[in-house]
1. Between beta-carbons, use under 15 Å as the cut-off and find the net charge around A:Ala48, counting Lys and Arg +1, Asp and Glu -1.
2. For labels at A:Thr195 and B:Leu89 in the simple 7 Å Cα→Cβ model, what's the distance in nm?
3. Tell me the label-point distance for the pair A:Leu119, A:Thr65, using the 7 Å Cα-to-Cβ offset, in nm and rounded to one decimal.
4. Placing a label point 7 Å from Cα toward Cβ, how far apart in nm is A:Ser108 from its equivalents in the other copies, listed shortest first to one decimal?
5. Order the following by accessible area, largest value first: A:Glu87, B:Glu18. Probe radius 1.4 Å; ligands, DNA and RNA are ignored.
6. Just the number, please: carbon plus sulfur as a percent of the accessible area of the stretch A:144-218, 1.4 Å probe, no ligands or DNA/RNA counted.
7. How far is A:Thr148 from the same spot in each other copy, in nm, shortest first, if each label point sits 7 Å from Cα toward Cβ?
8. Which value, in Å² rounded to 10, gives the accessible area of B:Met91 with a 1.4 Å probe and all protein chains present?
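The values are calculated or read from the model by the stated rules, or taken from the named source; none is laboratory data. It should be emphasised that the depicted structure is a prediction, and the values quoted were computed from it without experimental measurement. Glycine gets a Cβ as well: all are built from the backbone with ideal geometry, and neighbour counts include every protein chain shown. Note: areas computed on protein heavy atoms with side chains; ligands, DNA, RNA excluded. Shrake-Rupley method; radii C 1.70, N 1.55, O 1.52, S 1.80 Å.
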There are 2 protein chains.
Amino acid sequence: MATVAVENYLKHVLLLSEGGEELVSMGDLAGALAVVPGTATAMVKALADEGLLEHQPRLGVRLTTRGRRIALNVLRKHRLVETFLVETLKMDWSKVHAEAEQLEHAVSDEVLDRLDALLGHPRQDPHGDPIPNRAGKIDSQVYATLATCATGRRLRIVRVTEQSEEFLRFAEDSGLRPGAELSVGERNLVSGLVTLTRTDGGKIALGVAAAGKILVEPRG
Amino acid sequence: MATVAVENYLKHVLLLSEGGEELVSMGDLAGALAVVPGTATAMVKALADEGLLEHQPRLGVRLTTRGRRIALNVLRKHRLVETFLVETLKMDWSKVHAEAEQLEHAVSDEVLDRLDALLGHPRQDPHGDPIPNRAGKIDSQVYATLATCATGRRLRIVRVTEQSEEFLRFAEDSGLRPGAELSVGERNLVSGLVTLTRTDGGKIALGVAAAGKILVEPRG
DNA sequence: CCACCTATTTTGATTAGTCAAAATAAGTGT
DNA sequence: ACACTTATTTTGACTAATCAAAATAGGTGG
């Protein structure tokens, strides 16, 4: 059975490869896992020996089919647990990521399936992140962000791709959660400022980096 | 923060001391944790240095106040999680012990409190084991067992003190779960056999060791 | 009192995961 | 082509938790 550390390495390789087939650099992986680069190299070598990922020295890593299967299962646990914490236990969506980081390694497949049923087989978690189904299939639709979308049009927030508690608390306080509707007033590339208008007329200013974390679709 | 191993050592010292103040022998502790005796000695020495338990060499160990506080919190998590798995997720009570062994180390105090509220602050888990409250207080009523109680009287099962899946499946199939009513027909100390009569008239034979795992109170 | 049995402790090794710091490989610009 | 920068890998050391097996300490029975 995969240890907690192994599950975390595989999960982060999956997240960093955006679901695609690109190589993930050792630096990015080490950064995501908060370990020094040498540690990541050592661990990656071991995981490659186990056949869970493919290591191209000095270039990066990519999941094997087996590794991907495990990573998707961990991600499914993470996101279903987050959904449970918000929907059933009424926890604040800014806190559930940290909780799920622990629980994702302790929840069995049977509990997972029962949670899934209890919640009505949700497709997204509270942040709008897609939940892989039991077969490991995951919606990977590409959305525009508040940093890249057309201005003036009516939009709906579909996803917030940032897990830090501070960011999410800010988003919550500003009404920027999945499902909320708004439009982009103006975007100043020089100052890096994006101005939003909520349906209630309220205006919010946002840095372009933060705006890039918020995915939207045209309302319709 | 206490590691998983530390939490397990403290929890098992608590369980083996029956809530009382008696010393727990190293052999019993090592057995409960499924480690060799030398491992338990080493770990106990470390925990004593941390001030979590008191080690009397060659005699045994006992929890300190700090160790007891942690152990009770772990036990509370274990039993509330079991209750959640049975009540909310409708899992079989014979399986929830193993699940809770994992989850008890991953559930935060905040999630714990919300589970407690969701379940309506239960006093016992599905096996009838008392759940410590948040302050660490735990019902420690002494009950008779099917091996020690008077024969002929009408009884109610209050608790089944054995966690193994096989035993619990047998108990379930025989209608021996907390709340069930029955009486002890006869008890043969020579053969070690206990005969039970259910309310529906059905008879069940049980070894005296198994009978000792089932706690009862006079119905009334 | 001595030999023996049993529980406990010690000692030496092992594994997983980690860090710090030195060594190396791969560009990049001049 | 050469010196530089930067990412990656290697090396050596450490911690937590464990096992196997040898050493030891208490009783217990004769």
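1. Within the 15 Å Cβ shell, the charges total +2.
2. So the label points at A:Thr195 and B:Leu89 sit 5.0 nm apart.
3. 2.8
4. Here the equivalent label points are 2.6 nm apart from this one.
5. B:Glu18, A:Glu87
6. 51
7. Label-point distances to the other copies, shortest first: 7.1 nm.
8. Counting only protein heavy atoms, the figure is 10 Å².
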